[in-house]
Amino acid sequence: MKTYYQNDVLKAALHDSKTIYQSMKDSFDFDDDQLKVLEVFENLSQFDRDLIYLSSVYPVSEIANMYNVTRQYIYKLLHKVQNKIHNQL
(Lines give C-alpha, C1' and ligand atoms only; values in the text may rest on other atoms or scores of the structure.)
Protein backbone atom coordinates (compact mmCIF):
# COMPACT_ATOMS: atom_id res chain seq x y z
CA MET A 1 0.00 0.00 0.00
CA LYS A 2 1.38 3.39 -0.98
CA THR A 3 1.17 6.17 1.60
CA TYR A 4 0.77 9.71 0.35
CA TYR A 5 2.22 12.64 2.21
CA GLN A 6 -0.33 15.46 2.09
CA ASN A 7 1.35 18.09 4.28
CA ASP A 8 2.06 20.44 1.35
CA VAL A 9 -1.52 20.13 0.13
CA LEU A 10 -2.83 20.82 3.63
CA LYS A 11 -0.56 23.83 4.11
CA ALA A 12 -1.65 25.24 0.74
CA ALA A 13 -5.32 24.71 1.62
CA LEU A 14 -4.89 26.59 4.91
CA HIS A 15 -2.66 29.32 3.51
CA ASP A 16 -5.33 32.03 3.34
CA SER A 17 -7.50 30.99 6.28
CA LYS A 18 -6.18 33.53 8.79
CA THR A 19 -6.34 36.37 6.27
CA ILE A 20 -9.90 35.50 5.29
CA TYR A 21 -11.00 35.26 8.92
CA GLN A 22 -9.39 38.59 9.82
CA SER A 23 -10.88 40.39 6.81
CA MET A 24 -14.30 38.98 7.70
CA LYS A 25 -13.94 40.28 11.27
CA ASP A 26 -12.87 43.70 10.02
CA SER A 27 -15.52 44.00 7.31
CA PHE A 28 -18.76 43.19 9.12
CA ASP A 29 -20.71 44.70 11.97
CA PHE A 30 -21.60 41.88 14.35
CA ASP A 31 -24.35 41.84 16.95
CA ASP A 32 -23.77 40.52 20.47
CA ASP A 33 -24.73 36.93 19.64
CA GLN A 34 -22.44 36.84 16.64
CA LEU A 35 -19.58 38.30 18.69
CA LYS A 36 -20.07 35.53 21.24
CA VAL A 37 -19.75 32.92 18.46
CA LEU A 38 -16.57 34.61 17.23
CA GLU A 39 -15.16 34.60 20.76
CA VAL A 40 -15.92 30.89 21.14
CA PHE A 41 -14.34 30.23 17.73
CA GLU A 42 -11.18 32.10 18.70
CA ASN A 43 -10.89 30.01 21.87
CA LEU A 44 -10.90 26.72 19.94
CA SER A 45 -7.64 24.94 19.25
CA GLN A 46 -5.85 25.74 16.00
CA PHE A 47 -6.68 22.27 14.72
CA ASP A 48 -10.40 22.79 15.37
CA ARG A 49 -10.37 26.20 13.65
CA ASP A 50 -8.52 24.70 10.68
CA LEU A 51 -11.04 21.89 10.46
CA ILE A 52 -13.95 24.35 10.45
CA TYR A 53 -12.28 26.43 7.76
CA LEU A 54 -11.49 23.42 5.59
CA SER A 55 -15.03 22.09 5.92
CA SER A 56 -16.38 25.41 4.68
CA VAL A 57 -14.22 25.27 1.56
CA TYR A 58 -13.64 21.59 0.70
CA PRO A 59 -15.74 18.44 0.64
CA VAL A 60 -15.16 16.09 3.56
CA SER A 61 -13.63 13.49 1.24
CA GLU A 62 -10.86 15.96 0.26
CA ILE A 63 -10.24 16.92 3.89
CA ALA A 64 -9.96 13.23 4.78
CA ASN A 65 -7.40 12.79 2.00
CA MET A 66 -5.40 15.76 3.26
CA TYR A 67 -5.21 14.28 6.76
CA ASN A 68 -4.94 10.71 5.44
CA VAL A 69 -7.92 9.53 7.50
CA THR A 70 -11.43 8.31 6.73
CA ARG A 71 -14.39 10.57 5.99
CA GLN A 72 -16.14 9.10 9.03
CA TYR A 73 -13.29 10.28 11.24
CA ILE A 74 -13.54 13.81 9.85
CA TYR A 75 -17.31 13.79 10.47
CA LYS A 76 -16.65 12.61 14.03
CA LEU A 77 -14.15 15.44 14.59
CA LEU A 78 -16.52 18.03 13.13
CA HIS A 79 -19.28 16.76 15.39
CA LYS A 80 -16.99 17.14 18.43
CA VAL A 81 -16.08 20.69 17.42
CA GLN A 82 -19.74 21.53 16.92
CA ASN A 83 -20.50 20.22 20.42
CA LYS A 84 -17.67 22.31 21.89
CA ILE A 85 -19.11 25.42 20.29
CA HIS A 86 -22.68 24.74 21.38
CA ASN A 87 -21.60 23.94 24.94
CA GLN A 88 -19.86 27.30 25.25
CA LEU A 89 -22.74 29.37 23.89
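The values are calculated or read from the model by the stated rules, or taken from the named source; none is laboratory data. From a predicted model like this one, the values you see are computed outputs, not experimental measurements. Note that each Cβ is placed from the backbone with ideal geometry, even for glycine, and that neighbours are counted across all protein chains shown. Protein only, heavy atoms only, side chains kept; ligands, DNA and RNA dropped before computing areas. Shrake-Rupley method; radii C 1.70, N 1.55, O 1.52, S 1.80 Å.
A few points about this structure:
- Sorted largest first, extent of segment 9-89 alpha carbons per principal axis (Å): 38, 28, 18
- Ranked by how many other beta carbons lie within 10 Å on average, peptides 23-35, 55-67 from highest: 55-67, 23-35
- The mean sequence separation of alpha-carbon pairs under 8 Å and at least six residues apart, normalised by the residue count of the chain, gives a relative contact order of 38 percent.
- Solvent-accessible area, 1.4 Å probe, carbon plus sulfur percent, for the chain: 52 percent
- Calculated FRET efficiency for the pair D8/L44, C-beta based, R₀ 22 Å, to 0.05: 0.35
- With Cα atoms, 0 to 90° folded angle of helix 71-88 axis to the chain main axis: 20 degrees
- Average accessible surface for the chain: 75 Å² per residue, computed with a 1.4 Å probe over protein heavy atoms with every protein chain in place.
- In a reduced charge model with +1 at each Lys and Arg Cβ and -1 at each Asp and Glu Cβ, the chain shows a dipole moment near 600 debye about its Cα centre.
- Environment charge of S61, counting only residues whose C-beta is closer than 15 Å and scoring Lys/Arg +1, Asp/Glu -1: +1
- Projected label distance in nm at V60 and L35, using a 7 Å step from Cα toward the beta-carbon: 3.5 nm
- I20 accessible area, 1.4 Å probe, all protein chains in place, Å² to nearest 10: 80 Å²
- In Å², nearest 10: area of L89 left accessible to a 1.4 Å probe: 100 Å²
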